[in-house]
Amino acid sequence: MDKVFPSIEEAIADIPDGATIGFPGFFTCGNPVYLTRALAKKGVKNLTIVVMQLGVGNEEINELLQNGQVKKAICNYPFFRSASRKSLFEQLLKEGKVECELYPMGTFAEKLRAAGAGIAAFYTPTGVGTLVAEGKEVRVFNGREYLLETALHLDYAFIHAYKADHMGNVVFRKTARNYNPDMAKAARITIVEAENIVETGEIDPDCVHLPNIYVKRIVKVDRPKINVTIEATPSS
């Protein structure tokens, strides 16, 4: 089966208002830049976005926020590290224009992994006794308290890959792998933007990072150019 689409617009054409979409990436690494910008142009509304960080290293997410397309963010790094600076998401949150569901990084990753593995929920000690625990079931195992966390399912996942074949087998480059495999497995429909598309069979099976069974659509993109802003540290 050839899963390559002729354009990004066609690959995202069926995404409706109210969809839950995963955006992998770790600050500037492995972000689905082209798919995200195309979604901003498409203009769908009331989105729930699942993303590690907001406004720090993935400026294309800010396009969705600026357009008023986001209803809620599920994340673990929503603000700038400096209290003197406010991300766009933080401003919108304080104005009551968006909602935020916050998880520790490990819990966030495990919720995605559980969804891909068909596991409904799991217990974790992380967050016990904090705001994260509010409204959640707590059980004791071997004398230690654990929170019940449920799997995090996605309607769509936008994936950035170094290489893919026409059937949908995917290779990531170094740390750009980060959340990409877990989000792809947690989604009902996974759309991959790939810098290189090769013929099926050209990728060594032992080098496949994401098998084709998890991929529904692929589009060819250029290697993104990343503009990184470094926060200056005052000299002593």
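Read-outs: derived from the displayed coordinates by stated rules, not from any lab. Just so we're clear, the structure is a prediction, and the values are computed from it rather than from any experiment. Every residue, glycine among them, receives a Cβ derived from its backbone with ideal geometry; neighbour counts consider all protein chains shown.
Brief remarks follow.
- Neighbour-count order for Glu202, Glu90, fewest beta carbons within 10 angstrom listed first: Glu202, Glu90
- Amide H within-cut-off set for Val50, under 5 Å, with H built and near neighbours excluded: Ile21, Gly22, Phe23, Ile74
- The relative contact order of segment 19-129, computed from alpha carbon pairs under 8 Å that lie at least 6 residues apart in sequence, is 21 percent.
- FRET efficiency estimate (nearest 0.05) - Cβ-Cβ, Thr126 to Asp2, R0 35 angstrom: 0.25
- Working note: 222 nm ellipticity from helices only, DSSP H runs with n ≥ 4, each -39,500 (n - 2.57), summed and divided by the residues of the chain, gives -5500 deg cm²/dmol to the nearest 500.
- Labels on offer are (1) 122; (2) 130; (3) 160, and the one holding volume of the Cα convex hull per residue in Å³ computed from this structure is (3).
- Measuring r between the beta carbons of Lys225 and Lys72 and using R0 = 30 Å, the FRET efficiency lands at 0.50.
- Put a dot 7 Å past the Cα of Asp204, heading toward its Cβ, do the same for Thr175, and the two dots end up 2.5 nm apart.
- Likely footprinting exposure, Phe5, Phe89, Phe108, fewest C-beta neighbours within 10 Å first: Phe5, Phe108, Phe89
- Using the Cβ-Cβ distance between Lys41 and Asn196 with R0 set to 22 Å, the FRET efficiency from 1/(1 + (r/R0)^6) comes to roughly 0.35.
- Contact order, relative form, for the chain: 22 percent (alpha carbon pairs under 8 Å, 6 or more residues apart, mean separation divided by residue count).
- Sites listed here are GluC sites (Glu not before Pro) in segment 109-138 whose DSSP assignment is loop and whose Cβ has at most 15 other Cβ atoms within 10 Å: Glu134, Glu137.
- Remark on Thr190: its backbone amide H falls under 5 Å from those of Ala157, Lys216, Arg217, a criterion applied only to residues 5 or more positions apart or on other chains, H modelled at 1.01 Å from N.
- Cβ crowding within 10 Å, taken as a proxy for footprinting-reagent exposure, orders Ile213, Ile8 from fewest neighbours to most as Ile213, Ile8.
- Percentage relative contact order, segment 78-131, counting C-alpha pairs under 8 Å, at least six apart: 19 percent
- Distance between modelled label sites at Arg144 and Glu9, nm, 7 Å Cα→Cβ extension: 5.4 nm
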